[in-house]
Amino acid sequence: MESPSSQPLDGQSAIVTGASSGIGEATARALAGAGARVALAARRVERLESLRDDIEGEGGTAVVVETDVTDRDQVQALADKAQSEFGGIDILINNAGLMPLSYMKNLHEEEWERMVDVNLKGVLYNIGAVLPVMTKQGSGHIVNISSVAGRRVMPGGAVYSATKFGVRALSEGMRDELGAEGIRVTSVEPGAVDTELPETITDEELMDDIEGMMSGFDILESEDIARKILEAVTSPEHVNVEEIVIMPSGQRM
Ligand SMILES: NC(=O)c1ccc[n+]([C@@H]2O[C@H](COP(=O)([O-])OP(=O)(O)OC[C@H]3O[C@@H](n4cnc5c(N)ncnc54)[C@H](OP(=O)(O)O)[C@@H]3O)[C@@H](O)[C@H]2O)c1
């Protein structure tokens, strides 16, 4: 008989990138609350330390690993740390991202490049770091955070969408290839969520235009996304939740 205190993710371990705020932070809390030991990765270490303290205060287990996902060596060190601390890697939440939307004509080329580096290459580095471990285990679950912008393109969102369409395509191909290896892959595609993400926008012309588009409805909370991710990773082994599209009820785009 199961002990009354058993949790669905007891004995499992997870890496969460971008755990210092928003969706990553909420998901790390949800996974830890369900019994997983969690490696918290991002650049803002003090935020991660505070999150670790909260998780440990609730009786959970977490380690902080300062990681810039654009640096492949740091991403490998993150996977190595999770592997050595926890003895395996069962779940990767591939979440770190930024969204400096801008109109193409305004040529925010450094921001274009940054989005490719973080949203796409960072996601790939994390996949490359955990796959050998998961393949050897014959099990694992990779959750890639795409966006509704990975399905349709909003004004000023051409480059952001290019990265998020890319992440969605990657998830589709990975699920097809890796299912037979016992590795599940889920693409998460939220609409507007109340996080720090829009703070990366610097195109003033665009800021004026999108203000109207994002008002008049209740946007999602990070916990709404975390709850759906938890459902996916706690599904029975033979169930792969391939895509999660989650929108604010009132959002049109
Ligand atoms: N909010 C939305 O409406 C929405 C909708 C759809 C999809 N998403 C996606 O959800 C994911 C999380 O975003 P969020 O909304 O939760 O925004 P957020 O609160 O701004 O979180 C972004 C996270 O990414 C991390 N990050 C950024 N650059 C990084 C780097 N170079 N190395 C490591 N970590 C880095 C940040 O940590 P540090 O700055 O501490 O490194 C932060 O923890 C993103 O992929 C985003 O595209 C968001």
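What the table below lists for this structure:
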| item | result |
| --- | --- |
| J(HN,Hα) series, the range 34-48, from Karplus relation 6.51 cos²θ - 1.76 cosθ + 1.60, nearest Hz, glycine and proline x | 8, x, 6, 8, 10, 8, 9, 10, 4, 8, 7, 5, 5, 5, 5 |
| Unit charges at the beta carbon, dipole of the range 13-238: most positive-side option, VAL159, ILE23, PRO236 | PRO236 |
| Alpha carbon centroid spacing (whole Å) that separates the range 46-96 from the range 134-213 | 21 Å |
| Interchain or long-range residues, amide H under 5 Å from SER235's placed H | none |
| Candidate lysines for bridging to LYS81, where Cα separation is under 23 Å - those fewer than 8 sequence places away on the same chain excluded | LYS121, LYS136 |
| Rounded to whole Hz, the Karplus (6.51, -1.76, 1.60) HN-Hα couplings of the range 103-120, x for glycine and proline | 6, 4, 4, 8, 6, 7, 5, 5, 5, 4, 5, 4, 5, 5, 5, 8, 6, 10 |
| Candidates per GluC sites (Glu not before Pro) in the range 149-253, loop by DSSP, up to 11 other Cβ within 10 Å | GLU196, GLU237 |
| Relative packing of 71-79, 87-95, which averages over residues the other C-beta atoms within 10 Å, highest first | 87-95, 71-79 |
| Diffusion constant of the range 167-253 at 25 °C, which comes from Stokes-Einstein with the Kirkwood Cα-pair radius and 0.890 mPa s, µm²/s | 162 µm²/s |
| Burial order of peptide ranges 19-30, 34-45 (average beta-carbon count within 10 Å, highest first) | 19-30, 34-45 |
| Only Lys, Arg (+1) and Asp, Glu (-1) charged, at Cβ; the chain dipole about Cα centre in debye | 720 debye |
| Karplus-derived HN-Hα couplings along the range 15-23 (A = 6.51, B = -1.76, C = 1.60, θ = phi - 60°), whole Hz, x at Gly and Pro | 10, 10, 8, x, 7, 7, 6, x, 5 |
| Amide H within-cut-off set for VAL38, under 5 Å, with H built and near neighbours excluded | ALA14, THR61, ALA62, VAL63 |
| Cα principal axis extents for the range 9-81, largest first, Å | 31, 23, 17 |
| Of every Cα-Cα pair in the chain, the percent that sits beyond 28 Å | 29 percent |
| Column: log10 I(q)/I(0), Debye, Cα scatterers of the range 60-209, q = 0.11, 0.12 Å⁻¹ | -0.46, -0.54 |
| Ranked packing of 64-70, 109-115, most packed first, by mean Cβ within 10 Å | 64-70, 109-115 |
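Just so you know, all these numbers are worked out from the coordinates, no wet-lab data involved. Just so you know, these numbers come straight off a predicted model, no measurement behind them. Methodologically, a virtual Cβ is constructed for each residue, glycine included, from the backbone with ideal geometry; neighbour enumeration extends over all protein chains shown.
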